[in-house]
Amino acid sequence: MTQEAPPSGAFSGLAGAVDCDIHPVPPDMRALLPHLDPYWREHVERRGLERENLDTSAYPPGAPINARPDWRLPAGPPGSSLAALQAHLLDPLAPRAAICNLIHGAQMMISEDLSAGLCRGLNNWLAAEWLDRDDRLRASITVPVHSPELAAEEIERLAPDRRFVQVLLLAMTELPLGRRMMWPIYRAAEKHGLPVGIHAGSSFRHPPSAGGWGSYYLEDYVSYAQGFAGALNSLLAEGVFQKFPALRVVLIESGVTWLPASLWRINKTWRGVRAEVPWLDRLPADLVRQHVRLTLQPFDAPPDARSLEVLLDQLGSDELLLFSTDYPHWHFDAAEGPLPAGLPPALLRKITVENPLATYPRLAAA
Amino acid sequence: MARHVVAAVGEIPPGGRKLVTIRGREIGVFNLDGAYYALINRCPHQGAALCTGAIVSRLEAPMPGEYRLAQPGSMLRCPWHCWEFDIRTGQSWCEPEDVKARSYAVTVEPGERLARGPFMAETVSVAVEEDYVVVTL
Ligand code: FES
């Protein structure tokens, strides 16, 4: 671990915050080889997969939004250097903890066994190369999202390591996330007190927009908010929160501002059609406020205090938002800082410290 | 408050209803397994003729997939946006404390007693040997 510099610049006043979303990535597939089971290491080498990087097209590293210019590295993809993460973020911010969320092709491969093998390797790599080297780091368990049984096995394997504080899914995969086939993941997560983080993005089994394949990254990226609405509606309608009453869900990189309108719509519609989902026995928005949290960045509200105030009022609770920088993605500049303008001081403390500790029991215990 | 005779007992069978107008107010009178209830014929949501809606059961589920058909025929479903109301109390299924249809007290009384008055019977003629459904309003 490096020396902690005093918090400075745009991060001042944030020491002790919990950063609920940062993105390390492996520099390349070769870095994973030592962390794979021997069988899968040989499999990868025989297929020449170690020459691929398995980036996901949800987050092409070359797209400007996916790395702040001053956080790009001389070599390797943004987010692939622990030393750079320390210099760019951990030392100036001085967080109590920062949660690593890996977005990688491993979690969305069509072959379930290969996907599970690579996810095990990724988790091992993250523990050995990052968590072991900086005790401010925590992580989500990367799982093969299309194989709930194998995902649950990976959760069981890693749950004893208390540095893993969450299970990571993507908003759009093969099935709407509430479907019963996905329940082994929720069962395992609930059993171990691990929130399920649902990250923006897709395994592209269907277009990110419900209307079909778009031509531009702009469309895909903006449509991810629809993907979150769909995932949340599915969790609510399928009764996941009745079945797993202790489950917490964290929507990561959702943009946040789509939520009030979506809740108005589901509340309103529920009143008339609730009989088809009789287990959904209270206002869906109430369940969301009880079970669902959202990371802060990217934050889609216009940059003025009045808009922020309106939005916070519409969210209807000061417990929903969790501080995040989304390092190395580019949502704020060095001079600007990671928080929206006009955040009331009491709320600032909730967002940066209290809400994350309440959401992630393993952080509070640490 | 006055007592209004709205129907002879045999006129509204179990599961049946009768719409009446009392002092200019439209009211639905329901027979649930021999017990009578009255609700205003105006949905608290946007004013639809609530008492003309379908009579349904309480569909419940303590858990996803554990379906229960409870209290058959005890709910009224608004014809416009399908909000459900308990015929016995006027309470909505979704927000029982906050969204309610106005309900009225209903009794069954023998014609003999009614004959002693006072009561109002705008449309029903009362015979001493029969029982009547009476709404107080
Ligand atoms: S008017 Fe009755 S539900 Fe809308």
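The values are calculated or read from the model by the stated rules, or taken from the named source; none is laboratory data. In this text, all values refer to a predicted model and were calculated from it rather than measured experimentally. Positions of Cβ are generated from backbone atoms using ideal geometry, with glycine treated the same way; all protein chains shown enter the neighbour counts. Areas reflect the complete protein model, heavy atoms only, side chains present, ligands, DNA and RNA absent. Shrake-Rupley method; radii C 1.70, N 1.55, O 1.52, S 1.80 Å.
Just one residue in the set A:ASP326, A:ASP286, A:ASP333, A:ASP304 is without any contact (Cβ under 8 Å) to a residue 12 or more places away in the chain and out of contact with any helix residue (DSSP H, G or I) (no Cβ under 7 Å at 6 or more places or on another chain); that residue is A:ASP286. The residue of the range B:46-102 that is farthest from the chain's Cα centre (by Cα), among those that are basic (Lys, Arg) and away from the ligand (no atom under 13 Å from the Cβ), is B:ARG68.
Among the residues of the range A:127-155, the ones that are open to solvent by 20 Å² or more (accessible area, probe 1.4 Å) and small (Gly, Ala, Ser) come to 1 in all. Among all positions in the range B:15-38, there is no residue which is away from the ligand (no atom under 16 Å from the Cβ), under 24 Å from A:ASN267 (Cα atoms) and outside any helix (DSSP H, G or I).
Can you spot a residue in the range A:277-300 that is assigned to a loop (DSSP other than H, G, I, E, B), more than 14 Å from chain B (Cβ to nearest Cβ) and at pLDDT 95 or above? For the range A:277-300, residues assigned to a loop (DSSP other than H, G, I, E, B), more than 14 Å from chain B (Cβ to nearest Cβ) and at pLDDT 95 or above: present. B:CYS43 passes every criterion in (1) part of a loop (DSSP other than H, G, I, E, B); (2) of a type outside the set (D, E, K, R); (3) within 16 Å of the ligand (Cβ to nearest atom); (4) more than 14 Å from chain A (Cβ to nearest Cβ) apart from (4).
Going through the range B:49-104 one residue at a time, which ones are in a strand (DSSP E or B), open to solvent by 60 Å² or more (accessible area, probe 1.4 Å) and either closer than 23 Å to B:THR136 by Cα or more than 9 Å from chain A (Cβ to nearest Cβ) (or both)?
B:LEU69, B:GLN71, B:PRO72, B:LYS100, listed by residue number.
A:LEU118 meets all of the listed conditions (1) under 18 Å from the mean Cα position of the chain (by Cα); (2) over 22 Å from A:ALA15 (Cβ atoms) but one, namely (1).
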